Structures are given as structure tokens and as C-alpha cells.
Amino acid sequence: MTTIRLYHIDAYCRRFEATIVEALEYAGRPAVRLDATAFYPTSGGQPHDVGTLNGVAVEDVLERDGDILHVLASALAPGPVSGEVDWARRVDHMQQHTGQHILSQAFDRTLGAETVSFHLGGEASTIDLDVPALDRDAVARVEDEANAIVMADVPVTVDAYDHAALSGVALRRVPEVDGPVRVVRIGDYDACACGGTHVRATGEVGAIHVRRWERRRGQVRVEFLCGWRALHDHRRQSILLQEATALLSVGNPDLPEAIARLAASEAEARRQVQALQRRVLDSELARWRSAGQPVGAWRLVHGALEGLDAPAMRYLAQHLIEEPGTVVLFAVREPSPQLCFARSQDVPLDAARLLREAASGFGGRGGGQPHMAQGGGVAADDLSAVLDAAVARVQAAA
Ligand SMILES: [Zn+2]
């Protein structure tokens, strides 16, 4: 015996009496079959209902072999049962689903864009349209038409047809199922075969809002919100806009221009900072070039750099070793202690090995190439000692 689908007889049935005809397990969870149910199972792009059976939470509802399974929080035995559908969730689904019928017809009539698929999501819903692109003006026309149908409060009716009798019915989409087909009509605006749940008049859908769209494999995916979702989204967007305009002290229409100005001035400030940094580094470079001390045939440049970071230290070392016969032993303290040892191509010294040997006694580590190595892990108070140890090794090797 297949379950009688009360939601098809009356989509507004939220409390019902029925009988549990079978108690079973589904994927390790307790489940029941009823002789009749108002719980809608996940199908046709519409998610399942939730609610209670004799006070036990119904967590999932699904179709299996043409029958309906209710997955429960805890087991129930066969016998009489009182069911209650979570009405806020169902109303939301009926708003989104009926809104989708209207919106799909509006896209079809206004742009000749056919709906290929529909998905009702937890936050927003989507339809995929068989058009390569959409523009803002076209979407606005479609949105206006759809909302005109809402405001006309057109009746939504459902009729069941034998498959054979369907040939005489003009449908937006022809169903792929066998057996009786439910045709959902929105006045004479739209007719569509659909097994979902719908409101009884378009006024109950509330506002229909297309939030965004994107190209997707030669089609366009349109994201939309209906009813309470559209209102709540509008409220959130208004708060965001208020916060953004207050931060920038501008009115709503001036917001894009204010953000563009801010981005331009930020880019200019960054350019100026970079130019100043370059000037600081060039003057540091000149200072360190003249600070080299002779060690054998080499010139040794060493010290802790004040107020410079690791990238600046690398920049200085790279340029100092362009001069033949140069050995560089540098350290920085901020934001964390770092070392950089380097030497010119003509100096037969392994900078990576030198760094390992000088720093290892202080918990340091690092690596690199024979001409340039970097490391860290040394405490700020030990940097001078590490540099002294490295200087001693360079003097011994010179
Ligand atoms: Zn439908």
C-alpha cells in the first residue's frame, strides 16, 4: 500500500491523524511508514518538511520505491499517530516554489529564457536558464512582471491528469513521469506539471527578488528570494548600506563613488610609502657600503639593522654583494629576529654553512645557498653573540 499524500489533497494541511503501518531502520536511524502523511519528501527541487509524529521529531522525509519514509529522532511503534508539520518552514518552501513558477514564466515570456532546472536552497533558491547571458535591465523587466502577477493575487490551482489526457494541455514544461500528472496553474499566466507544494494565491508568495546571476557552462544561474526571505534579505542589505554610508559620511547614491575615491587615495598612499621606503633603503645602502671593514682580502659588512625588516635586510645584502670581495652578516630584530648572511661570487665561503655553525649554539636554524642564506629561531638578546661568532669564523677563514 502506498502512502496517501495529504499535501497533494490539501497543501495547507499542517496537523493530521494517521496510522504507522511499518517501523523500520533507514541508514541506521529509526524510520516509519504511514498510511497517510502531510510531510513532503525531498523531491522536484523542494526540500523535505520537518515536524513531529506523536511529539517525536521528524528529521528527514524521503521517497523510496514510490513510498514515503519518515526518519525520526527516536523509534515509534506501529499504531495511531498524530502528525504536525513545522509550518514556518513549509510556508517558506511554498513561497519559494510558487515564486519559482511565476519567475520561470516571466523569464520565458519576457526574454524567451527557458528554465532548465530549479533548486530550493536553505538560504536562496536558483533556476538555471538556457540563455548565454543576462543584463540588469532585462532582469529588472522580468522582476517587475513577476511581481505584477504577485500583486494581482492570481489563484493557484492544481488538477490531476492521466498521462494520456495531457496531450491537450499547454504546459511550460512537459513531465517525464509516468502515471497521473499534477498540473499547477497560476490563473492563465502559467501551467506547469509539478509535484511540489504551492500557495493558493500569488499574493501569498510576497515579493520576488532576483538577487544575482552568473554565467555557468553556457547557461545563466539566477539566484532569487521570495516572501519572508526577500524581506529579511532587504533588511540585512539596508543595515549594511546604512553602516557603509555612515562610515564614509555619504548618502546612498554617492557610495560607489566614495569607495572608488577611497581606493584611489589608498593606492596613491601605498605608492608614496613605497617611494619613501626605496629612498630609506638607498641611503642605508650607501651607509653600509662605506661601513665595510677589511678582513684579509675581503671587506666585511656586519651589524644589526635598526628599524628595518627581513625583506629590507635581503635587499641590502643582495646589493652589497654586487661589489666583489664582500661578506655581509646582517640581523634584524623586528617583527621577529632574523639573520641574513651573504658573500660576493668571488669569495670562497659557504654562507649557509656559516649561518648554521654560528647560530646552532643559540637554537637558530636556517638555510639557503652558498652565496646567500637566511635563518631565524634565535632570541633577540642572542643576535649580537651570533653575529660575533660569525665574524670570528670569517676572520679565521680570511
Ligand atoms: Zn511547483
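Observations, loosely collected:
- Taken across the range 15-34, residues that are free of Cβ contacts under 8 Å to residues at least 40 places away in the same chain and touching a helix residue (DSSP H, G or I) at 6+ places or on another chain (Cβ under 7 Å) do not occur at all.
- Note on the range 12-29: residues that are assigned to a strand (DSSP E or B) and more than 16 Å from ASP67 (Cα to Cα) total 4.
- Meets criteria (at positive phi and in contact with an Asp or Glu (Cβ under 9 Å, 6 or more places away or on another chain)) for GLY206: no
- Strands (runs of 3 or more DSSP E) fully within the range 110-197 counting 3 or more residues that are in contact (Cβ under 8 Å) with a residue 60 or more places away in the chain and open to solvent by less than 30 Å² (accessible area, probe 1.4 Å): 125-129
- Any hit, the range 312-331, residues being open to solvent by less than 30 Å² (accessible area, probe 1.4 Å) and polar (S, T, N, Q): yes
- Among the numbered conditions (1) assigned to a loop (DSSP other than H, G, I, E, B); (2) farther than 11 Å from ALA304 by Cα, the only one that ALA396 does not meet is (1).
- Annotation: ALA201 fulfils all but one of (1) farther than 23 Å from VAL85 by Cβ; (2) in contact with an Asp or Glu (Cβ under 7 Å, 6 or more places away or on another chain); (3) open to solvent by 10 Å² or more (accessible area, probe 1.4 Å); (4) within 16 Å of the ligand (Cβ to nearest atom); the unmet one is (1).
- Matching option when the condition is within 35 Å of the chain's Cα centre (by Cα) and modelled with pLDDT under 95, among GLU204, GLU176, GLU143: GLU176
Yes/no per residue for (1) loosely packed, with under 15 Cβ neighbours inside 10 Å; (2) modelled with pLDDT under 95:
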{"residue": "ARG33", "(1), (2)": "no, no"}
{"residue": "PHE39", "(1), (2)": "no, no"}
{"residue": "GLY45", "(1), (2)": "no, yes"}
{"residue": "ASP49", "(1), (2)": "no, no"}
{"residue": "THR52", "(1), (2)": "no, no"}
{"residue": "ASP60", "(1), (2)": "no, no"}
{"residue": "GLY66", "(1), (2)": "yes, yes"}
{"residue": "ALA73", "(1), (2)": "yes, no"}
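- Tally, over the range 211-226, of residues that are open to solvent by 10 Å² or more (accessible area, probe 1.4 Å) and either at pLDDT 95 or above or within 13 Å of the ligand (Cβ to nearest atom) (or both): 8
- Matching residues in the range 77-92 - criterion: being crowded, with 18+ Cβ neighbours inside 10 Å and over 30 Å from the mean Cα position of the chain (by Cα): VAL81, GLY83, VAL85
- Residues of the range 290-308 that turn out to be small (Gly, Ala, Ser) and assigned to a strand (DSSP E or B), as a count: 2
- Residue in the range 42-52 that is in a strand (DSSP E or B) and away from the ligand (no atom under 16 Å from the Cβ) present: yes
The values are calculated or read from the model by the stated rules, or taken from the named source; none is laboratory data. It should be emphasised that the depicted structure is a prediction, and the values quoted were computed from it without experimental measurement. Reconstructed Cβ throughout: ideal geometry from the backbone, glycine too, with neighbour counts over all protein chains shown. When the accessible area is computed, the model is the full protein with side chains, heavy atoms only, and any ligands, DNA or RNA have been set aside. Shrake-Rupley method; radii C 1.70, N 1.55, O 1.52, S 1.80 Å.
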